[in-house]
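K.L.:
Encoded as structure tokens, here's the structure I'll be asking about.
Every read-out reported here was derived from the displayed coordinates using simple, explicitly stated rules and does not represent laboratory data. Please read these numbers as outputs of a predicted model, since none were measured by experiment. Methodologically, a virtual Cβ is constructed for each residue, glycine included, from the backbone with ideal geometry; neighbour enumeration extends over all protein chains shown.
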Amino acid sequence: MSSEELNVDFMETPCPVCESNNTKVIQRIMDIPHFPQMWFFNLTCSDCHYKFNDFINLSVKDPMRYIYHAENEQDYTSKVIRAANGTIRFPQIEAMIEPGPNADGFVNNIEGILRDIQSKVKFLLNDAETQEERMKIIEYITMIDEYIDKNKPIDIIVEDPFGNSSIVPADETKLETIRLSEEEAEKLKTGFIVFEGLKNN
């Protein structure tokens, strides 16, 4: 996916992890074809190697849900812009990527996200305590291979309480866009640390 970088800014700030001053922050406005302007933020520490990426949609501010039904090779190339607060779900394979305190923003296509899920599942083989657990993990890895290799129909759902995540579809007719209600948005994880004891009763 090509993008035009506008207004690139560089700045230095203390690292949020090690407090080193050898940290570089890059901010840029990105023009992505067929998509609203995005503000991209990248922080990199050269001492502890901490990295953080995030995206902010400069046009959409409402909590959103995007649903795309992929059913062929072209559909699997659809791009997903996942901001740090975005949630990604694949109902057919019961997989979900939720934000956490260290969640990162990224851009990837559907196949790439499935491959990333698969690579993380492979690490579970090292922790399998029984042959049955190991076989279940191998079956899951094989299932993802079948989806990708055969371009089996699969739904991807992207939700973001701040509207910063989205899908750039290969086929716009297959993309469903839904504005979430306040109640639905509140149920989504944001990646922020919440101190329950400080909430008003």
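K.L.:
First measure r as the distance between the Cβ atoms of ASN21 and ILE178, then evaluate 1/(1 + (r/R0)^6) with R0 = 35 Å and state the FRET efficiency to the nearest 0.05.
P.N.:
Approximately 0.20, to the nearest 0.05.
K.L.:
Oh, and also: List the residues whose amide H sits under 5 Å from the amide H of SER165, counting only those 5 or more places along or on another chain, with H placed 1.01 Å from N in the peptide plane.
P.N.:
Here the answer is ALA83, since their amide H atoms fall under 5 Å of that of SER165.
K.L.:
Now a separate question. Just want to confirm a number: the relative contact order over region 61-192, from Cα pairs under 8 angstrom separated by 6+ residues, in percent.
P.N.:
50 percent
K.L.:
Out of every Cα-Cα pair in region 61-192, what percent are more than 24 Å apart?
P.N.:
Roughly 32 percent, rounded to a whole number.
K.L.:
Would you mind estimating how fast region 119-177 diffuses translationally, via Stokes-Einstein at 25 °C and 0.890 mPa s with the Kirkwood radius over Cα pairs, in µm²/s?
P.N.:
171 µm²/s
K.L.:
Follow-up question, since we're still on this one. Hey, can you rank 13-20, 163-170 by average C-beta count inside 10 Å, highest first?
P.N.:
The most tightly packed comes first, giving 163-170, 13-20.
K.L.:
Once Rh for region 103-153 is found with the Kirkwood sum over Cα pairs, what is the Stokes-Einstein diffusion coefficient at 20 °C and 1.002 mPa s, in µm²/s?
P.N.:
Using the Kirkwood radius from Cα pairs, D works out to 179 µm²/s.
K.L.:
Further, regarding this structure: For each pair in LYS152/LYS187; LYS79/LYS150; LYS122/LYS174, compute the distance between the two Cα atoms and list the pairs where it is over 24 Å.
P.N.:
Beyond 24 Å: LYS152/LYS187; LYS122/LYS174.
K.L.:
In addition: List the lysines whose alpha-carbon lies under 17 Å from that of LYS24, not counting same-chain residues fewer than 8 positions away?
P.N.:
LYS51
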